[in-house]
1. At 0.36 nm per residue, minus the direct Cα-Cα distance, what do residue 20 and residue 95 gain on full extension? Give it in nm, one decimal, please.
2. At a 1.4 Å probe radius, carbon and sulfur cover how many percent of the accessible area of the range 63-102?
3. Order of 76-82, 15-21 by packing, highest average Cβ count within 10 Å first?
4. Can you list the residues of the range 70-89 with backbone N under 11 Å from a point 7 Å past the Cα of residue 34, pointing along Cα to Cβ?
Amino acid sequence: MTEPTPQHQLGERLATWLRSDRVTSWVRTVVPGLWSAGVAYLVALGLPAWLLEPANGLGQTAAVPIVLGAVYAGLRWLEPRVPNWLARFLLGSTRPPTYPQE
């Protein structure tokens, strides 16, 4: 039996790291955040000038966390109700991370 090459060992370590709960939780946070930023941008484009001008752009800034909360809650609600491929597209992963109980 031959020993694995350093490249093979590195590939195995990288694959293990990519499947880790830390990466999964990061992906499942960042991907909905990107969707939310896109939705907030589109919402801000449609807001009337009379609403944005008095706030000096604060309306767009405030829209991001509001939309993030709504989009994330909506995506988590949708997750068990849509096919796996769509959940993976919307959340970045269909596998929720697990956290050790201490």
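The values are calculated or read from the model by the stated rules, or taken from the named source; none is laboratory data. Computed from a predicted model, the values in this text were never measured in an experiment. Ideal geometry is used to build each Cβ from the backbone, glycine not excepted, and the neighbour counts take in all protein chains shown. Calculation scope for accessible area: heavy atoms of the full protein, side chains included, ligands and nucleic acids excluded. Shrake-Rupley method; radii C 1.70, N 1.55, O 1.52, S 1.80 Å.
1. Roughly 26.0 nm would be gained on extension.
2. Of all accessible area on the range 63-102, carbon and sulfur atoms account for 67 percent.
3. 76-82, 15-21
4. Hits in the range 70-89 for residue 34 at 11 Å: 89.
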